[in-house]
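**Q** Please see the structure below; I have some questions.
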Amino acid sequence: MTPEQELLDGAALTVYRLNGQFLTVGDGLAAPAGISVAWWQVMAAVQDRPLPVAGIARAMGITRQSVQRVADLLVDKGICEYRPNPAHKRAKLVAITETGLAAIERIGPQHAAMAERLAAVLGPAEFAATVATLTRLSAALDVIIAGAPD
């Protein structure tokens with residue numbers, strides 16, 4: 001393997017491990033609010049403004065079908081609602097309800113505590129640099145996936 005292949009493998013394996021770790025932490029944070037981490041992800045995506053299912057899927061980097069299943073469950077539970085989309089008649093907007101906002105508020109204190117614990121272990125500067133590096137890595141992969149010239 002070339003050094004670049006080893007780096008790619010190392011990055012991928014680390015991100016896969018991180019994904020599992022974040023899902024474990026997220027489920028622990030979300031459970032007391034009576035939701036799953038998958039529900040929380042969709043709710044957080046529409047917390048500030050309603051979005052179509054496809055927009056949520058793009059932002060989260062997952063399939064539209066996965067988001068649709070979760071959105072339907074959230075609507076059934078009264079945590080989110082579908083609203084008309086002025087830009088597209090068939091692609092309704094997913095919007096969070098007051099019940100959904102209350103669930104996210106219940107997560108808030110434990111979420112803040114986890115963020116503080118992670119910042120204490122890494123240090124605020126390294127924590128910020130890590131997020132910046134992961135963001136750049138994601139943007140670089142977006143360029144490659146889109147087939148844009150490097």
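**Q** Based on the Cβ-Cβ distance of Arg49 and Ala129, what FRET efficiency does E = 1/(1 + (r/R0)^6) give at R0 = 41 Å, to the nearest 0.05? Spell out each step's value before the answer.
**A** Details: r = 29 Å, r/R0 = 0.71.
E between Arg49 and Ala129, to the nearest 0.05, is 0.90.
**Q** While we're on this one: Round to the nearest 10 and give me the degree value, 0 to 90, for the angle of helix 3-30's Cα axis relative to the longest principal axis of the chain.
**A** Computed tilt is about 30 degrees.
**Q** What would the Debye equation give as log₁₀ I(q)/I(0) for segment 22-107 at q = 0.11, 0.16, 0.20 Å⁻¹, counting only Cα atoms as equal point scatterers?
**A** -0.26, -0.55, -0.86
**Q** Continuing with the same structure: Count charges around Asn85 for me, please; just the other residues with Cβ under 14 Å from its Cβ, Lys/Arg as +1, Asp/Glu as -1. Mind dumping the intermediate values first?
**A** Working: positive: Arg49, Arg83, Lys89, Arg90, Lys92; negative: Glu81.
Net local charge, Asn85 excluded: +4.
**Q** Heavy-atom accessible area of Phe22 with all protein chains present, probe 1.4 Å, nearest 10 Å²?
**A** Here the residue's solvent-accessible area equals roughly 120 Å².
**Q** Within the set of other residues whose C-beta is less than 13 Å from the C-beta of Asp72, count the net charge using Lys and Arg as +1 and Asp and Glu as -1.
**A** Value of the local net charge: +2.
**Q** In addition: To the nearest 500 deg cm²/dmol, what mean residue ellipticity at 222 nm is calculated for the chain from DSSP H runs of n ≥ 4 alone, each contributing -39,500 (n - 2.57), summed and divided by the residues?
**A** On the way: 6 runs with 106 residues, N = 150.
Rounded to the nearest 500, the figure is -24000 deg cm²/dmol.
**Q** Let me ask something else. Could you work out the relative contact order of the chain, using alpha carbon pairs under 8 angstrom and six or more residues apart, expressed as a whole percent?
**A** On the way: 118 pairs, mean separation 27.4, N = 150.
Normalised by residue count, the contact order of the chain is 18 percent.
**Q** State which stretch of the chain is the longest one without any exposed trypsin sites (Lys or Arg not before Pro), exposure meaning a DSSP loop state and at most 11 other Cβ atoms within 10 Å. Before the final figure, lay out each step's value.
**A** Working: sites that count: Lys89, Arg90.
That gives 1-88 as the longest site-free run.
**Q** OK, next. Based on alpha-carbon positions alone, could you give the equivalent ellipsoid semi-axes of the chain from the gyration tensor, as √(5λ), descending, whole Å? Don't jump to the answer; show the numbers that get you there.
**A** On the way: eigenvalues 177, 104, 33 Å².
Values for the chain, descending: 30, 23, 13 Å.
**Q** Select from Ala91, Ala38, Ala71 the residue farthest towards the positive end of the dipole of the chain; place +1 on Cβ of Lys and Arg, -1 on Cβ of Asp and Glu, and compute about the Cα centre.
**A** Going by the Cα projections, it comes out as Ala91.
**Q** Let me ask something else. Could I have the simple spin-label model distance between Leu7 and Tyr82, label points 7 Å from Cα toward Cβ, reported in nm to one decimal?
**A** Here the modelled spin labels are 4.6 nm apart.
**Q** Another one. Which value, in Å², gives the accessible area per residue of segment 35-149 when a 1.4 Å probe is used on the protein heavy atoms? Before the final figure, lay out each step's value.
**A** On the way: 7530 Å² over 115 residues.
Per residue, segment 35-149 has 65 Å² of solvent-accessible surface.
**Q** If you don't mind, another one. Going by alpha carbons, how many degrees (0 to 90, nearest 10) lie between the helix axis of 64-76 and the longest principal axis of the chain?
**A** Between helix and principal axis, roughly 40 degrees.
**Q** Mind checking the alpha-carbon convex hull of segment 61-150 and giving the volume per residue in Å³? Could you put the intermediate results ahead of the total?
**A** On the way: hull volume 14.2 nm³, N = 90.
Spread over its residues, the Cα hull of segment 61-150 gives 158 Å³ apiece.
**Q** Still on this structure, I have one more. What is the ratio of the Cα radius of gyration of segment 66-109 to 2.2 N^0.38 Å, with N the residue count, to two decimals?
**A** Working: Rg = 11.7 Å, N = 44, 2.2 N^0.38 = 9.3 Å.
Taking N as the residue count of segment 66-109, the ratio is 1.27.
**Q** How tilted is helix 124-146 with respect to the longest principal axis of the chain? Cα atoms for both, answer in degrees (0 to 90, nearest 10).
**A** Orientation of helix 124-146: about 80 degrees from the principal axis.
**Q** Let me ask something additional. If you wrap a convex hull around the C-alpha atoms of segment 1-51 and split its volume per residue, what is the figure in Å³? Can you show the working numbers first?
**A** Numbers: hull volume 4.8 nm³, N = 51.
Dividing the Cα hull volume of segment 1-51 by its residue count gives 94 Å³.
**Q** Give me the distance in nm between label points sitting 7 Å out from Cα along the Cα-to-Cβ direction at Thr14 and Ala91, one decimal.
**A** Roughly 3.5 nm, to one decimal.
The values are calculated or read from the model by the stated rules, or taken from the named source; none is laboratory data. As the structure is a prediction and not an experimental result, all values here were calculated from the model. Here Cβ is always computed from backbone atoms with ideal geometry, including for glycine, and neighbour counts include all displayed protein chains. Ligands, DNA and RNA are stripped out before the accessible areas are found, and what is left, the full protein with its side chains, is counted by its heavy atoms. Shrake-Rupley method; radii C 1.70, N 1.55, O 1.52, S 1.80 Å.
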